[in-house]
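Scroll down for the structure; my scribbles are underneath it.
Bear in mind these aren't lab numbers, they're just calculated from the coordinates by the rules spelled out. Note that the structure is a prediction, hence the values are computed from the model and not measured. We place every Cβ from the backbone using ideal geometry, glycine too, and count neighbours over all the protein chains shown.
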Amino acid sequence: MMSNIRGLTFDDVMLVPGYNGIRSRQDVTTNVTVAGRTFEIPMISANMDTVTGETMANAMTDFGGMAILHRFMSIEENVAMFKRLKHPKKTGISIGIGEEALPRAEALISAGAEIICVDVAHGHSKEVNRTIRQLREKWGQHIMIIAGNVATYAGADYLSAAGADVIKVGIGPGSVCSTRIKTGFGVPQLTALQECRKVDRCIIADGGIKSPGDAVKALAAGADFIMLGGMLAGTDETPGEFMTRKNSDGSETKLKRFRGMASREAQEDFMGGMAEWKTAEGVAVEVLAKGPVKNVILDVMGGIRSGLTYCGALNIKQLQRKAQFMEITPAGFHEGTPHASGRLTK
Ligand code: IMP
């Protein structure tokens with residue numbers, strides 16, 4: 001059976017400019033409040049082992065965003081890392097749904113964690129429901145629960161009914177994700193966000209954001225937060241060492257590893273190898289060194305502030321109310337990318 005919803009993603013649409021009565025883009029606000037907690041910027045660093053350890057968490061929360069630590073370490077290491085954080089109340093922990101999920105939650109909540117992320121590749125599932133209910137039963141409203149990932153209204157509604165405060169949206173859009181190629185499943189991310197926003201919960205746009213413009217489109221489509229993996233990969237604050245590769249002309253390139261958590265490489269590192277009944281649903285890459293993450297955060301936030309004024313919106317809620325998307329053609333997309341002939345200097 002074919003769904004009558006046409007799936008669109010960021011590059012399929014453009015936001016149509018609206019009247020702007022705001023004097024300066026410095027006058028807009030980008031705050032977002034969820035479950036009684038306010039974040040100055042609507043940005044979250046992804047819980048991937050090559051993106052968010054303590055250094056990234058500290059940098060992201062210094063700017064007023066949220067960070068979610070990855071969980072690919074022992075519970076003891078996780079607790080020790082959590083205790084070293086500068087802003088523990090703005091940093092989430094990730095627990096999954098396995099045997100270790102509740103003991104990990106217990107240890108970290110005792111250490112002061114309040115934001116708990118229960119995310120698996122296919123979040124519209126009984127096990128995720130069970131884990132959310134167990135967390136709620138034990139810790140009530142003291143904790144904020146993020147759950148995912150889903151990409152449909154039914155999935156978001158299911159997690160919201162289970163008790164999640166925040167729904168994480170994205171099946172297959174990630175920059176190191178091969179879920180759609182390997183399984184045929186997924187929903188183009190803009191449509192996924194528009195569907196999931198229909199539930200009365202905060203939503204996180206997770207995956208596929210490759211530019212500040214995509215971030216604005218995600219927020220305009222209904223996301224309260226954007227989660228970034230690939231855009232932050234290769235910055236100084238990500239875990240892992242830089243590598244230097246010699247080029248054929250003698251010059252050197254500085255690189256860092258970035259990988260999907262369902263890649264063969266990550267599964268070999270953390271699950272003792274890839275079981276024969278499974279296939280990798282992620283890839284591993286070497287990305288160029290990007291310098292301090294501050295540059296990426298400022299670039300994205302600059303785009304969001306400017307985007308708000310193109311819409312004539314003082315804040316993200318207004319952007320969501322006023323935003324008008326136009327579906328575009330490949331020629332329209334091409335027109336919108338810098339295309340002057342000549343050598344690019346900066
Ligand atoms: P990005 O910002 O486009 O790089 O997307 C980051 C998101 O990709 C993460 O937050 C996860 O939801 C998702 N992701 C991470 N690893 C994998 C994987 O191995 N397969 C599929 N999705 C992944």
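The order of M43, M227, going from fewest to most other C-beta atoms within 10 Å of their C-beta, is M43, M227.
What relative contact order, as a whole-number percentage, does the chain give when Cα pairs under 8 Å and 6 or more residues apart are counted? Display every interim value, and only then the final one.
Details: 712 pairs, mean separation 71.8, N = 346.
So the answer I get is 21 percent.
In terms of surrounding Cβ atoms within a 10 Å radius of their Cβ, K90, K294 rank from fewest to most as K294, K90. Its Cα gyration tensor gives the chain an equivalent ellipsoid; the semi-axes, largest first and in whole Å, are 29, 26, 22.
Pairwise inverse Cα distances across the range 1-49, averaged and inverted, put the Kirkwood hydrodynamic radius at 15.6 Å.
I need to check one value: relative contact order of the range 209-279, counting alpha carbon pairs closer than 8 Å and at least 6 residues apart, in percent. Don't skip to the end; give the middle numbers.
Details: 50 pairs, mean separation 12.7, N = 71.
Relative contact order, the range 209-279: 18 percent.
Take the Cα of K89, step 7 Å toward its Cβ, do the same at K317, and the gap between the two points is 2.1 nm. In loop segments of the range 1-71 as defined by DSSP, the chymotrypsin sites (Phe, Trp or Tyr not before Pro) with at most 14 further C-beta atoms inside 10 Å of their C-beta are Y19. Between the beta carbons of T244 and E137, assuming R0 = 35 Å, the FRET efficiency works out to 0.10 to the nearest 0.05. Computed over the alpha carbons of the range 108-210, Rg followed by Dmax gives 13.6, 41 Å.
So which of K217/K290; K90/K290; K256/K290; K198/K317; K290/K346 end up more than 20 Å apart, counting from Cα to Cα? All intermediate terms of the calculation are to be shown ahead of the outcome.
Working: K217/K290 24 Å; K90/K290 24 Å; K256/K290 9 Å; K198/K317 14 Å; K290/K346 15 Å.
The answer is K217/K290; K90/K290.
Between F63 and I181, residue separation times 0.36 nm minus the direct Cα-Cα distance comes to 38.9 nm. Which one, S211, S306, S24, has the greatest fluctuation when you compute a Gaussian network model over the chain with C-alpha springs under 10 angstrom? Looking only at S211, S306, S24, the biggest GNM fluctuation is shown by S24.
For M274 and F333, the FRET efficiency from 1/(1 + (r/R0)^6), where r spans their Cβ atoms and R0 equals 41 Å, is about 0.65. For the chain, adding -39500 (n - 2.57) for each run of n ≥ 4 DSSP H residues and dividing by the number of residues yields -9500 deg cm²/dmol at 222 nm.
Lysines within cross-link reach of K278: Cα-Cα under 26 Å, excluding same-chain residues under 8 positions apart? The reachable lysines, counting only those whose Cα sits under 26 Å from K278, are K126, K168, K182. S178 sits among other residues whose Cβ lies under 15 Å from its own Cβ, and their net charge, with Lys and Arg +1 and Asp and Glu -1, is +3. Per-residue Cβ neighbour counts within 10 Å put W277, W139 in the sequence W277, W139, beginning with the fewest.
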